[in-house]
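In what follows, a structure is listed as structure tokens, so that the remarks can point back to it.
Rule-based calculations on the coordinates, nothing more; no lab input. Treat the numbers as computed from the prediction; the structure is a model and nothing was measured. Every residue, glycine as well, gets a Cβ built from its backbone with ideal geometry; the counts of neighbours run over all protein chains shown.
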């Protein structure tokens, strides 16, 4: 195995990984979980880490808030992933030795398994590439990592384990999801080299790409067509905004989850710096998503609306009718970009 | 500079490159050109090679069939690219010492500069990653390369030249265009490592990604919405097909070139193996494009209609009304996939 590229990582990353290696060696029973609305990075991290722990002869339980989305079922080759049910799993959680949170650092993000872990007495671990931390006994939290699976890969390497082809699939899934297929700022040289290595280890890159980027029902294309028709530009083309309303969701029998990727899609309008999506989640509840390229920061915008996020990706859930929320948000946007002209 | 990854290349690639290095050292005046409908790989290859030759003190002329598309103007930092005009450039072409064809191997693909080169008396070179060859004095033709810019990178390395940040931009442009942003079969480990190296050499990856993938006018999104609304599936979901008609092009004031990427877009419908786009280019002329994932081969399909292409990407220009061409093509598709059921 090539030696790992740690460029840009915090200097103590290897110390943290080694502490985790030691903890793994000392214990037998592991519980893995990821955040609500599980994505390919959290699920890929679970799949690869579970396989690694099983190679070591450990007993592994994977409990998530929701069932595995259809597009990611291929990651769970052994049918290990379970949806957490308090009546069935409370005891299993309570008696586990080690709980590992993947791709999120706080129990509140975990949904029902997080509530099950509230009084957990065993050892706790976080592996995550989002900023944060402070909850677990051992935290391998590295915002420079392109994905949580990158950190799992480093761990597997430190454990001296074989990365099988199916583990490489799982790890590559996380890389593709969190770099948006090598199209966002996470697509660093390190991320590219990791992808190269995973393909050489046997990852079926075409299959993973299809699972991540080519698994949409036809109705989702119709929904996106409605969204595209709704797009407006403003502020001399610096702003693009669009709407997905309940009527459109109903027409195509789609849930709000189907709009994943829409706000990035409209960011591709030429000259756009800021993309805004208004999603009418329920009567009187609008989820507003912001994406920026260039210098515009969207975290403040989201916070002003009671939400949160990062400089380039943020959002908020705002109460009010769709037209009212739109007016309110666009007037906040105008404060940021200056008066609109179109 | 790291040593190059030549994995999978033909064994004589270095001999060919060295012959080209020798030819470059012996001559002073170079003419570069690429194919009609120039894309980011051909133009990126021209930009990087021109800069390299200029570093060596050579005189370089770049003549293309068309003006540089707006999204790729950033590649031509020195305003070197010219649209070939017979009256103005015939003499310049005829008296050049070396003509280099980039990203295509035959003069017919070059448009008007190709006609200008028909009786060229100087030395001829092809750098290309499409199968073919047989025309030029020196041919560095390597279908395993992810892009023509990968071959230009190898050449620059053999020439011992510095790859500047703007040259790295140009080289990365070719990689992104021809791997579809690391989403198709050209996205090999070698392609990933090349991208990593180019970013480290100073390529502005975000800028290049935006030029390649986020430079669409709003009207192109409306056109794509019409296309999405037109999508139909068949053969138990193995086939998806859609239409762009002249009415839609006219409504959004778009040219047929605006549909670039549509047939790949609809290939992302879940379960699809074959995607077909019917583009009504003119009254009674329909361009049919095929894309396959999985085992379905589309080259035979295209040839049966008088066109051509590769196993996974092919097309043909068919005369007839849109409904007539659609019926004819879908009946050819049915022979390939078996009788339709939906």
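Considering the convex hull of the alpha carbon atoms of segment B:1-157, report its projected area averaged over all viewing directions, in nm², one decimal.
Averaging across all directions leaves 8.8 nm² for the Cα convex hull.
Can you give the helix-only mean residue ellipticity at 222 nm for chain A, where every DSSP H stretch with n ≥ 4 adds -39500 (n - 2.57) and the sum goes over all residues, rounded to the nearest 500 deg cm²/dmol? Intermediate results must be reported in sequence, preceding the final value.
Working: 13 runs with 136 residues, N = 342.
Here the helix-only value at 222 nm equals -12000 deg cm²/dmol.
Modelled label-to-label distance, residue B:77 and residue B:200, 7 Å Cα→beta-carbon offset: nm?
Placing both labels 7 Å beyond Cα along the Cβ direction yields 2.1 nm.
Quick check: convex hull of the Cα atoms in the protein assembly as shown, volume per residue, rounded to a whole Å³?
Enclosed volume per residue, from the Cα hull, is 173 Å³.
Sorted from largest to smallest, which semi-axis lengths in Å does the alpha carbon gyration tensor of segment B:128-287 give for its equivalent ellipsoid, taking the root of 5 times each eigenvalue?
Square roots of five times the eigenvalues give 34, 18, 16 Å.
Convex hull over the Cα atoms of chain B, averaged projected area in nm²?
Over all viewing directions, chain B projects a mean Cα-hull area of 17.6 nm².
Between helix A:218-230 and chain A, what is the angle of the helix's C-alpha long axis to the longest principal axis, kept within 0 to 90° and rounded to the nearest 10?
Taking Cα atoms only, the helix is inclined about 40 degrees.
Calculate how steeply helix B:148-158 sits against the longest principal axis of the alpha-carbon atoms of chain B, using the helix alpha-carbon long axis, and give the answer as 0 to 90 degrees to the nearest 10.
Taking Cα atoms only, the helix is inclined about 20 degrees.
For helix A:13-26, what angle does its Cα long axis make with the longest principal axis of chain A, in degrees from 0 to 90 and rounded to 10?
50 degrees
Sort A:192, B:310 by Cβ crowding within 10 Å, fewest neighbours at the top. Don't skip to the answer; put the middle values down first.
Values: A:192 29, B:310 15.
Neighbour counts put them in this order, fewest first: B:310, A:192.
Every other copy gets compared here: list the nm distances from the residue A:284 label point (7 Å along Cα to Cβ) to its counterparts, shortest first, one decimal.
Computed spacing set for this position: 6.2 nm.
Just to confirm the numbers: residue B:91, label point 7 angstrom along the Cα-Cβ line, distances to the other copies in nm, shortest first?
Label-point distances to the other copies, shortest first: 9.6 nm.
Considering every Cα-Cα pair within segment B:205-301, what fraction, in whole percent, is farther apart than 21 Å?
Tail of the P(r) past 21 Å holds 37 percent of the pairs.
Taking every DSSP beta bridge that has both residues in chain B, what percent is antiparallel when rounded to the nearest 5?
Around 45 percent of the beta bridges assigned by DSSP in chain B are antiparallel ones.
Once you order the gyration tensor axes a ≥ b ≥ c over the Cα atoms, which shape class does segment B:177-235 get: rounded for a/c under 1.5, otherwise prolate or oblate by comparing a/b with b/c?
It is oblate, given that a/c is not under 1.5 and a/b is not larger than b/c.
Taking a label point 7 Å out from Cα toward Cβ, give me the nm distances from residue B:303 to the same spot in the other copies, shortest first, one decimal.
6.3
Measuring from label point to label point, each 7 Å out along Cα→Cβ, what is the residue A:331 to residue B:246 span in nm?
4.9 nm
Can you give me the C-alpha center-to-center distance between segment B:79-132 and segment A:289-312, rounded to a whole angstrom?
Going from one Cα centre to the other spans 49 Å.
In bins 10 Å wide, starting from 0, what share of all Cα pairs of segment B:251-342 does each bin hold, as a percent?
Percent of Cα pairs in each bin: 17, 50, 29, 4.
Provide a whole-number value for the mean count of partner chain Cβ atoms within 10 Å of the Cβ atoms in peptide A:309-318.
Taking all residues of A:309-318 together, the mean is 0.
At what distance in nm do the modelled label points of residue A:283 and residue B:282 sit from each other, each positioned 7 Å from its Cα along Cα→Cβ?
5.6 nm
Label 7 Å along Cα→Cβ of residue A:257; segment A:36-61 residues with amide nitrogen under 12 Å?
A:36-40
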